Every structure is written in structure tokens, then in C-alpha cells.
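Read the figures in this text as sums done on the coordinates, not as results from a lab. Worth saying up front: this structure is predicted, and the values here are computed from it rather than measured. Because the Cβ atoms are built from the backbone with ideal geometry, glycine has one as well, and the counts that use them run over all protein chains shown.
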Amino acid sequence: MNTLDYTNETIKGLFDLTGKTVVITGGGGGLGLSMARGFANYGANLVLTGRTQETLDKASSELADTGAKVLTVAADTLELADCQRIVDESVANFGAIDVLIPAAGVARRHPAEEFPQADFDLVIDTNVKGTWYIDQAVAKQMIKQFEQGKSPAGKIINITSVRANNGHPLGYGAYATSKGAVVSMTRQLAFEWSKFDICVNALGPTIVLSALTKPVFDNPDSAKIFTDRILFHRPMVPGELIGSAIYLASPASDFVTGQILYVDGGCVAA
């Protein structure tokens, strides 16, 4: 879209995702499923991936009321063959991949001086390598789309965190390292893939209220450490990432790349 295309009708469609195909890894998890519901309500086709088919089936059933077309692919993004299978099945079912969101991730917390090698490797592998491998596989498909005249060829929305910027006393050494890597990865890929008209950005949420973080908020002392750093003094809820994800996926952000959009209640500013 260029300046001359901004008519009343195109402006009304800036956030329209009708017929677009969105691939979400970790699509059965809290953040992934929440974003999937947002995309479904804006007309997108969905490809939800994760390691467990049962979790994906449950997520798909929870989206049935939206009327969206949903494909589930049980896969591990640490396996290159699985990443390619995600691409192949997405294209076979929907013809193209318009948006990728690698939302699969893990966290382990230990004091830095005692951090177990196995847990450190798990976090780095899942959050960094898992993001890189699926970004790379999907980008190859988007490059084909670029060569076929599609513009933009596609959008990649990585998931980082406020932990990439701010130290934390509760043992986030591996997680912070991994999310810092995702920030650098996002900017590097935006630079390299701009020649193929691929937008690469990232969302950076603060701590999200979920089953995984319930132990943090069940403890008043640990909860205070987090909420004192958030200007609104509360955790984020999954639905609060929907609007930002739709923005980065939609025509409204066609001139946005290499950016980190923090959805953090002011945490980075504090």
C-alpha cells in the first residue's frame, strides 16, 4: 500500500485480516490461544502448532464459535523437519503464510551462580533456537511469495519480554538472556529480509497472569517485586496482547519493521 492508496475504504480496512493465514507456535498456550482468538475475529485462517495434539485439539474447539478455519499441526520447532512440515501443511491448506508468531517459550528460575546447565540449555534452545528455526523456515516461503509479486510478502512477529531490558532479582538469567537474543534476532532479520518485503517485529509483554505465573502471584512478596515495576501495579492478562498483535499483522503496520512493541504497563519506562 502506498500513499495514493489511502482512500476512505482502504483506511477502514487497515486492520482487516480476512483470508490471511496466521501461523502461531505455542498456539494452545495462554498467549498463543488469546492472540488466535483475536485473529479469528478479524477474519484470519489459523494454523496452531505445539508439541501436544491434545492441547491443540482443545484450543481448536475453543475457537469453534469464531467460525475461523483452524489447522492444527503437532510439531517441535527445535526440529528442522517439523518446521518445514508446518510450512508445507499451512501452504497445502491455505495457499500461503501471511503472518508468523513464534509464541512457544519456557522459563526456568534459579540464582545465576547456581543455574543448572540442563535448565539453561532448555530455555535458550526453546526461546532462541525454536524462534530462529521457524522464522527461517517460514521466511523461505515468504520469499517465494515475494518472488510471485506478493507485497508485503509476509509478517513475522517474534515474542520477547521486558526481561530483555531489565534485570530481576528472582533468577531470570536464562530467560532474560534468551529474550535479549530475540530482540537482536528480530532487528537482524528485519534488516536482512527487508529486501524481500518481509516485516519482522516483536512484541514484548510484561509478566502475564496465567496458570504458569500463579505461584508468583500467590506469594505477596514475589508479586510485589513484579507489580512495583509496572506503572499500573498489576500483571498483564493475555487478552491485552491482542490489539498489538493485530496491528503488527495487519496493513496498518506495512511500513513498520525492526521494532519492539512493549505491551508492559510501562515496565520498561519505570
> What's the FRET efficiency of Asp5 with Glu62 using the Cβ-Cβ distance as r and R₀ = 45 Å, to the nearest 0.05?
Replying inline: 0.80
>> Just to be sure I follow: if Rg is taken over the C-alpha atoms of the chain and Rh is the Kirkwood radius over the same atoms, what is Rg/Rh?
In response: 0.96
> Comparing Ala245, Ala103, Ala223, which has the greatest mean-square fluctuation in the GNM of the chain with Cα pairs linked when under 10 Å apart?
Replying inline: Ala223
> Once the piece of chain linking Arg234 and Thr18 is laid out straight, how much longer is it, given 0.36 nm per residue of separation minus the C-alpha distance between them?
Replying inline: 74.4 nm
> Looking at the range 9-69 from every direction and averaging, what is the projected area of its Cα convex hull in nm²?
Replying inline: 4.0
> Can you give the FRET efficiency for Glu114 and Gln136, using 1/(1 + (r/R0)^6), R0 = 35 Å, r = Cβ-Cβ distance, to the nearest 0.05?
Replying inline: 0.55
>> Run the reach check for Lys69 against aspartates and glutamates, Cα to Cα strictly under 15 Å, same-chain hits fewer than 8 apart removed. What comes back?
In response: Asp57, Glu89, Asp98
> Once the Cβ-Cβ distance between Glu192 and Leu78 is put in as r, and R0 is 25 Å, what FRET efficiency do you end up with, to the nearest 0.05?
Replying inline: 0.65
> For the chain, modelled as a Gaussian network with Cα springs under 10 Å, which listed residue fluctuates most, Ile101, Ile143, Ile24?
Replying inline: Ile143
> Of Leu248, Leu80, Leu231, which is the most mobile in a GNM of the chain whose springs link Cα atoms less than 10 angstrom apart?
Replying inline: Leu231
> Here are some pairs, Lys129/Lys214; Lys155/Lys195; Lys129/Lys155; Lys12/Lys140; Lys58/Lys179; Lys20/Lys140; which of them have Cα atoms lying more than 22 Å apart in this structure?
Replying inline: Lys129/Lys214; Lys12/Lys140; Lys58/Lys179
